1. If I ask for residues that are in contact with a helix residue (DSSP H, G or I) (Cβ under 9 Å, 6 or more places away or on another chain) and surrounded by 13 or more Cβ atoms within 10 Å (Cβ to Cβ), which ones from region 31-43 would you list?
2. Report, by residue number, each residue of region 9-23 that is more than 14 Å from Leu63 (Cβ to Cβ) and of a type in the set (A, V, I, L, M).
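Every number here is computed from the coordinates shown, using simple stated rules; none is lab data. What you are looking at is a predicted structure, and each value in this text was computed from that prediction instead of being measured. All Cβ positions, glycine included, derive from the backbone under ideal geometry; neighbour counts span all protein chains shown.
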Amino acid sequence: MNMTRGAVMLGQKASFRRFLSDLMGIAVRDEKDAANAVRTFCDVHSRRELNTNHQAADRYRALVRLFNRWMNNEPLDQESHP
């Protein structure tokens, strides 16, 4: 899947926004906040970079793994938080 599209789709989910708030300790209220949080976590200027920047893609995949753990009520051991 196109990682940019995946990041956009996740940002539309209230559960992902709650996860980002918990993970990053900031208020993530809407899709715009979610986009900013993903860009910060992945250290990119645009989510489009997730498709071309291998290091950013790795950080995004780590973020998704953390989200899946959070959804399963597992502790957030931040394996690659910026």
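1. Of everything in region 31-43, those that are in contact with a helix residue (DSSP H, G or I) (Cβ under 9 Å, 6 or more places away or on another chain) and surrounded by 13 or more Cβ atoms within 10 Å (Cβ to Cβ) turn out to be Glu31, Asp33, Ala34, Ala35, Ala37, Val38, Arg39, Thr40, Phe41, Cys42.
2. Passing the criteria: only Ala14.
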